[in-house]
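These notes concern the structure reproduced below.
The values are calculated or read from the model by the stated rules, or taken from the named source; none is laboratory data. Keep in mind that this is a model prediction, so the values were computed, not measured. Heads up, the Cβs are rebuilt from the backbone with ideal geometry, glycines too, and the neighbour counts pull from every protein chain shown. Ligands, DNA and RNA are excluded from the accessible area calculation, which covers all protein heavy atoms including side chains. Shrake-Rupley method; radii C 1.70, N 1.55, O 1.52, S 1.80 Å.
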Amino acid sequence: MLELKNIKKYYKMNADTTVKALDDVSLVINDGEFVSIIGPSGSGKSTLMNIIGCLDKATSGEYYVDGVEISKFTENQLAALRNKKIGFIFQGFNLLSKMTAAENVELPLIYQGLPKQERKKRVEKALDSVGMLERASHKPTELSGGQQQRVAIARALATNPSVILADEPTGNLDSKTGEEVMQILSDFNKTLGTTIVLITHDADIANHAKRVIKIYDGKIVEDRDHGENKTKSIKREDV
């Protein structure tokens, strides 16, 4: 379970200007949820993702991962937590061009210190799960955008994370390929119970999730659960 309590993130632009990227955000994401966080550019959604993914620290507030408060963790402790619990999928794929698909998927497993045979099994299983095993020896330049994103998903899955953070995963894809990628994520959420947190500005993409959280000016203004048909809204003029 991920729990944020009264999270604030401020950026000091100059002596006279401070930007509030997140302003007193409290949020609970339970194990096995598929959650989308949607908002326009500058709303704070990427800052929120970076804090959830332990890529950045809040200015103030508390953040609990599986009941452990991590706000005071060192950079090494945060890196170890990311490596153990969180898989990342990015809009730009972030594949290394000189490596094959299989080598890209294997890389985080090397960082985890897994033996070669275990790495090989996980790589093959992950690539097969996204329909890319036959392309294991291909480099990113030999793959379409959709295929590169499938490899990126396989890389995230290979580490057996409890949480996958997907930052605009369909942003560089056409609508048909984007739908295919979202279906893959939905299937993994249903079959493996992996918690998925999706960051997007696209309402159609956001609605693939069972729960949609809207953020505006650094505040959560709506938290809607498709499954239970519940909506908690806050008027913008009140935030």
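Data overview
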{"quantity": "Using a Förster distance of 25 Å, the FRET efficiency for residue 55-residue 31 (Cβ separation, nearest 0.05)", "calculated": "0.75"}
{"quantity": "Computed over the stretch 175-215, the ratio Rg/Rh where both radii use C-alpha atoms and Rh is Kirkwood", "calculated": "0.95"}
{"quantity": "Apportionment of accessible area to carbon and sulfur, the stretch 1-139, percent (1.4 Å)", "calculated": "50"}
{"quantity": "Under 10 Å, Cβ to Cβ, from residue 24 - net charge with Lys/Arg +1 and Asp/Glu -1", "calculated": "+3"}
{"quantity": "In the stretch 35-118, lysine pairs with alpha-carbon atoms under 24 angstrom apart (chain gap of 8 or more, or interchain)", "calculated": "12"}
{"quantity": "Equivalent ellipsoid, the chain (semi-axes from 5 times Cα gyration tensor eigenvalues, Å)", "calculated": "31, 20, 17"}
{"quantity": "Relative contact order, percent, the stretch 83-179 [alpha-carbon distance under 8 Å, six or more residues apart]", "calculated": "48"}
{"quantity": "Fraction of beta bridges assigned by DSSP in the chain that are antiparallel (%, nearest 5)", "calculated": "60"}
{"quantity": "Whole-angstrom Cα spans of the stretch 1-79 along principal axes, big to small", "calculated": "41, 30, 20"}
{"quantity": "P(r) of the stretch 83-128 over all Cα-Cα pairs, binned every 10 Å from zero, in whole percent", "calculated": "25, 59, 16, 0"}
{"quantity": "Trypsin sites (Lys or Arg not before Pro) within the stretch 1-99, DSSP loop, no more than 14 other Cβ atoms inside 10 Å", "calculated": "72, 98"}
{"quantity": "Taking the chain and dividing mean pair separation by its residue count, relative contact order in percent (alpha carbons under 8 Å, at least six apart)", "calculated": "27"}
{"quantity": "Estimated [θ] at 222 nm from DSSP helical runs (n ≥ 4, -39500 (n - 2.57)) normalised by residues in the chain, nearest 500", "calculated": "-10000 deg cm²/dmol"}
{"quantity": "Surface per residue (accessible, 1.4 Å probe) for the chain, Å²", "calculated": "51"}
{"quantity": "Two-site label geometry, residue 1 and residue 76: point separation in nm, points 7 Å out along Cα→Cβ", "calculated": "3.1"}
